[in-house]
Amino acid sequence: MISKLIRLKNNSVKPKWFLRQSGRHIPEYFSIRNKHRSFINFCLNERSIIEATILPLKYYNIDAAILFSDILLLPHFLGQKVSFEKKIGPVLEGIIIDDKFLKKEIDLNDFTPIKKAIFEIKKTLPPLKDLIGFCGAPWTLACYMIEGGSSKDFAKTRTFLWNNEKSFFKLINKLTKNCADFLEYQYLAGCTVLMIFDTWSSMIPDRYWVKFGIEPTKLIVERLRKKNVKCPIIGLPFKSGEMLIQYSYETLVDVVSIDWKTNLNWALKNINENVITQGNLDPAILASDNSLSIKKEVYRILDLTQKKRHIFNVGHGLTPEVKIKNVKYAIKLIDDY
Ligand code: CP3
């Protein structure tokens, strides 16, 4: 494991990056975004992928770039129409989980602009900075694919699950394979860390937690290891509460991303001690005007993780309201600690 993020055994200096670091809180983002009629086109334009991926590194002294892309590219390439509407978010056309859909393979040729962008980004990145490739976890992808977009409770998806357990299993199994293939593709193209976003793991009914919250991620990691993918793998089981413990022992990920709701002290005491932690800072604090609060929160995390291997990060993505000066201030606090 050669990654800078993770190789630090003596964690006196905390590695750091930020979830959604390349988004709308940086003004230049919009000039890249506005070149494209659709967000999907943006995510498939080699030049724009490179520019957006590198953008936050021009502002911040961070240890990793995350590939500019989206978890919903996978449904798009599985033939489901995906669009991003202003003030609504993603909108996905209805799917029918029939044999034709289940047999549809992803065509890795579709990802060529991503591969080329990874290759170019690697040329410009300093050797010790990581490039993170990613995908959505099967449960989270299934949520968007069945619900047709974002939702506060994904009730339609959960009702679908209770009605059609067999179809739901088949969809998850299919996505598990597709996710592993897509991650392997990003690794082979040059990514040095991989990440699996289970943004909606808090919506998994308890009865299905192991089946959908643990097993798909575990199968993805096992599949990648079998294919000789050697880089660190980060899992983000967002707001999964006490289930973090089982997740940390059973999914085989190297790093667990801790959301901003979870008590970090509890997490450090209870999760698998061989797993590296990441995150926990509330991104909303970086939109505030309160530098004293920022200082206290950054120190709280640094104090708690002083003797641990921890990657400094937010507990969920930076929002458009986040202020660049606050992110810079947090970075300075970490570097001077
Ligand atoms: O800095 C980065 O992390 C950039 C790459 C990135 C994006 N999306 C770009 C993006 C990553 C890692 C993602 C992951 C992603 N996408 C997740 C998992 C992480 C998380 O936040 O929990 C999810 C759930 C999505 C799905 C998605 N994409 C939604 C719900 C939305 C619309 C809502 C929103 O936050 O704007 C998107 C669009 C999207 N993906 C934007 C960006 C920069 C905004 C597009 C725009 O309006 O310009």
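What follows is calculated from the coordinates using simple rules that are stated; it is not laboratory data. Quantities reported herein were computed from a predicted structural model and do not represent experimental measurements. Backbone-built Cβ (ideal geometry, glycine too); neighbour counts: all protein chains shown.
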As an exercise, use a Förster radius of 51 Å and the Cβ-Cβ distance of Asp98 and Asp303 to find the FRET efficiency, rounded to the nearest 0.05. 0.40
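So what's the back-of-envelope 222 nm ellipticity for the chain, counting only DSSP H runs of four-plus at -39500 (n - 2.57) apiece and dividing by all residues, rounded to 500? Please report the intermediate quantities before stating the final value.
Details: 15 runs with 150 residues, N = 337.
So the helix-based figure for the chain works out to -13000 deg cm²/dmol.
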Which of the lysines could a cross-linker span from Lys323 if the Cα-Cα distance has to be under 16 Å and same-chain partners fewer than 8 positions apart are dropped? Lys58, Lys295, Lys332
Scaled radius of gyration (Cα, divided by 2.2 N^0.38 Å) that segment 1-157 gives: 1.15
Sorted by packing (mean other beta-carbon atoms within 10 Å per residue), highest first, where do 276-284, 315-323, 96-104 land? 276-284, 315-323, 96-104
Arrange the peptides 261-267, 306-312 so that the one whose residues have, on average, the most other Cβ atoms within 10 Å appears first. 306-312, 261-267
Along the charge dipole of segment 173-320, pointing to its positive end and built from +1/-1 on Cβ of Lys, Arg, Asp and Glu, which listed residue (Phe182, Thr199, Asn228) has its Cα farthest out? Asn228
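Compute the FRET efficiency between Lys122 and Glu28 as 1/(1 + (r/R0)^6), taking r as their Cβ-Cβ distance and R0 = 22 Å, and round to the nearest 0.05. Can you show the working numbers first?
Working: r = 22 Å, r/R0 = 0.98.
Computed FRET efficiency for Lys122 and Glu28: 0.55.
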Within the chain, the percent of DSSP beta bridges that are antiparallel, given to the nearest 5, stands at 20 percent
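Over the chain, what is the relative contact order in whole percent, taking alpha-carbon pairs under 8 Å and six or more residues apart? Before the final figure, lay out the partial values.
Values: 585 pairs, mean separation 71.4, N = 337.
It rounds to 21 percent for the chain.
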Charged-residue dipole, Cβ positions (Lys, Arg, Asp, Glu), segment 224-273 about Cα centre, Debye nearest 20: 260 debye
Give me the extension gain from Asn274 to Ala287: residue separation times 0.36 nm, minus the current Cα-Cα distance, reported in nm with one decimal. 1.4 nm
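Which order do the peptides 166-175, 23-32 take when ranked by the mean count of other beta-carbon atoms within 10 Å per residue, highest first? If you can, show how the numbers build up before the last one.
Values: 166-175: 17.9, 23-32: 15.5.
So the peptides 166-175, 23-32, ranked by packing, come out 166-175, 23-32.
Would you mind computing the Rg to Rh ratio of the chain from its alpha-carbon coordinates, Kirkwood style for Rh? Please list the in-between numbers first.
Numbers: Rg = 19.0 Å, Rh = 20.3 Å.
My calculation of the ratio gives 0.94.
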Net charge dipole size for segment 49-161 [Lys, Arg +1 and Asp, Glu -1 on Cβ; Debye, nearest 20]: 180 debye
Using unit Cβ charges (K, R positive; D, E negative) and no other charged atoms, how large, in debye to the nearest 20, is the dipole of the chain about its Cα centre? 540 debye
